[in-house]
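Remarks on the structure that follows.
Bear in mind that the values in this text are calculations on the coordinates, not laboratory data. Quick caveat, the model's predicted, so the values are computed rather than measured. Methodologically, a virtual Cβ is constructed for each residue, glycine included, from the backbone with ideal geometry; neighbour enumeration extends over all protein chains shown.
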Amino acid sequence: MKQLKMIYAFYDKNINENGDEFLQKISWKGGALIAPIPPALVSCGTMEKPNALTIAWTGILNTIPPKTYISVRPTRYSYDLIKSSGEFVINLTTSAIIKAADFCGVRSGRNVDKFALTGLIPEKASIVACPMIKQSPVSLECRVSDIVSLGSHDMFIADIIAVNVDEQFIDKEGKLHLDKCGLAAFAHGEYFELGKKIGTFGFSVRKKNKKHK
Ligand SMILES: Cc1cc2nc3c(=O)[nH]c(=O)nc-3n(C[C@H](O)[C@H](O)[C@H](O)COP(=O)(O)O)c2cc1C
């Protein structure tokens with residue numbers, strides 16, 4: 001079988017003469033270290049009294065029906081807002097609003113109006129009563145289906161009942177260009193803007209003459 005050619009540029013120093021050892025790992029105790037993850041801005045509350053907090057413990061759980069989760073410490077001001085309404089919105093964060101996202105992750109809506117202080121604008125959602133964030137290119141309206149207590153955090157499992165996308169990132173063919181949004185990523189305490197495209201889904205096995213659409 002033909003082997004895939006891979007690039008070990010970063011690990012060159014650690015390849016032995018057989019080429020079979022290219023990483024030297026140190027083992028730490030278990031911890032929450034997956035990167036990159038989204039520093040999502042989760043909005044909750046109402047249009048009249050909106051709140052937002054930053055959530056990194058989020059992701060997709062299922063495709064059909066589309067399900068997501070956010071893990072929230074019960075001590076957060078937002079926790080009761082989400083639990084009592086059963087609704088929240090996940091707003092993707094970009095480099096343009098990363099400072100606001102960080103602020104929403106270090107200040108509580110118990111004490112401050114985060115929308116007023118950051119300039120984030122609450123926008124009416126299509127189904128849920130809580131607001132979306134206008135400056136975010138993609139806002140997912142979510143309805144809670146289950147709450148699972150895990151320890152430090154409770155996981156709100158939710159159905160994604162509507163996806164709202166800024167039309168300036170949709171081309172004439174209806175294709176969404178997330179690469180044009182300046183999406184932010186969070187990795188081990190640091191924020192990054194997504195950079196160079198290094199592949200597309202399935203490109204490792206795609207025939208060269210076949211165009212991917
Ligand atoms: C990058 C980042 C990621 C965070 N991720 C989470 C998270 O996944 N779950 C959580 O409960 N808190 C998380 N936080 C902390 C909350 O966002 C923070 O405590 C916030 O002030 C809570 O706001 P609230 O009291 O208005 O609800 C994160 C903070 C930052 C800066």
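As I understand it, the dipole of the range 85-173 uses +1 on the Cβ of Lys and Arg and -1 on the Cβ of Asp and Glu, about the Cα centre. Which of 125, 98, 109 lies farthest toward its positive end?
109
With a/c under 1.5 counting as rounded, go ahead and sort the range 120-199 into rounded, prolate or oblate using the C-alpha gyration tensor (a ≥ b ≥ c being the square roots of the eigenvalues; past the cut-off, prolate if a/b is larger than b/c, else oblate). All intermediate terms of the calculation are to be shown ahead of the outcome.
Numbers: a/c = 2.00, a/b = 1.24, b/c = 1.61.
Since a/c reaches 1.5 but b/c is at least a/b, the shape of the range 120-199 is classed as oblate.
About the Cα centre, and with charges only on the beta carbon of Lys, Arg (+1) and Asp, Glu (-1), how big is the dipole of the chain? Nearest 20 debye, please. Walk me through the intermediate numbers first.
Numbers: 28 positive and 21 negative charges, 146 e Å.
Here the size comes out at about 700 debye.
With θ set to phi - 60°, apply the Karplus curve 6.51 cos²θ - 1.76 cosθ + 1.60 along the range 186-202 and write out the HN-Hα couplings as whole Hz, x wherever there is a Gly or Pro.
Once rounded to whole Hz, the list reads 10, 9, 6, x, 10, 9, 9, 9, 4, x, 4, 6, 10, x, 10, 3, x.
What ranking, highest mean first, results for peptides 193-203, 179-189 when packing means the other Cβ atoms within 10 Å averaged over each residue?
Values: 193-203: 8.6, 179-189: 15.5.
Per-residue Cβ counts within 10 Å, averaged per peptide and sorted highest first, yield 179-189, 193-203.
Skipping prolines and chain starts, which residues have an amide H placed within reach, meaning under 5 Å, of the one on residue 135, given they are 5 or more residues away or on another chain?
121
Based on the Cβ-Cβ distance from residue 111 to residue 64, what FRET efficiency comes out when R0 is 35 Å, to the nearest 0.05?
On the way: r = 41 Å, r/R0 = 1.17.
Taking R0 as 35 Å, the efficiency between residue 111 and residue 64 is 0.30.
Provide the gained length on full extension for the span residue 178 to residue 26, in nm with one decimal, where the gain is 0.36 nm per separating residue minus the Cα-Cα distance. All intermediate terms of the calculation are to be shown ahead of the outcome.
Details: separation 152, 0.36 × 152 = 54.72 nm, distance 3.54 nm.
Residue separation times 0.36 nm, minus the Cα-Cα distance, leaves 51.2 nm.
Specify whether the C-alpha gyration tensor of the range 39-136 places it in the rounded, prolate or oblate class, a ≥ b ≥ c being the square roots of the eigenvalues: rounded for a/c under 1.5, otherwise prolate if a/b is larger than b/c and oblate if not. Numbers along the way, then the final one.
Values: a/c = 1.34, a/b = 1.27, b/c = 1.06.
Note, shape of the range 39-136 comes out rounded.
Which shape class applies to the range 59-98: rounded if a/c is under 1.5, otherwise prolate when a/b exceeds b/c and oblate if not, where a ≥ b ≥ c are the square roots of the Cα gyration tensor eigenvalues? Write out the running numbers ahead of the final one.
Details: a/c = 2.10, a/b = 1.07, b/c = 1.96.
The shape class here is oblate.
Which far-off residues, 5 or more places away or on another chain, put their amide H under 5 Å from the one on residue 67, with H placed in the peptide plane?
Those qualifying (amide H under 5 Å, at least 5 residues apart or on another chain) are 61, 62, 160.
For the range 100-106, take each phi angle, set θ = phi - 60°, evaluate the Karplus expression 6.51 cos²θ - 1.76 cosθ + 1.60, and give the result in whole Hz per residue in order, putting x for glycine and proline.
So the J values, rounded to whole Hz, are 5, 5, 4, 4, 5, x, 10.
Please list, in order along the range 67-78, the HN-Hα scalar couplings obtained from phi with the Karplus expression 6.51 cos²θ - 1.76 cosθ + 1.60 (θ = phi - 60°), rounded to whole Hz, x for Gly and Pro.
10, 10, 8, 10, 9, 10, 5, x, 6, 5, 4, 5
Beta carbons within 10 angstrom, averaged per residue: use that to sort the peptides 99-112, 54-67, 82-95, highest first. Display every interim value, and only then the final one.
On the way: 99-112: 16.4, 54-67: 14.6, 82-95: 21.1.
Order by mean packing, descending: 82-95, 99-112, 54-67.
So for 76, 143, fewest C-beta neighbours within 10 Å to most, what's the order? Don't skip to the answer; put the middle values down first.
Details: 76 20, 143 16.
Ordered by Cβ neighbours within 10 Å, fewest first: 143, 76.
Tell me the relative contact order for the chain as a rounded percent, counting alpha carbon contacts under 8 Å between residues six or more apart. It would help to have the intermediate numbers written out before the result.
Working: 377 pairs, mean separation 42.9, N = 213.
Normalised by residue count, the contact order of the chain is 20 percent.
Which residues' amide hydrogens lie under 5 Å from the amide hydrogen of residue 94, considering only partners 5 or more residues apart or on another chain, with H built in the peptide plane?
Close amide H contacts, sequence-distant or interchain: 184.
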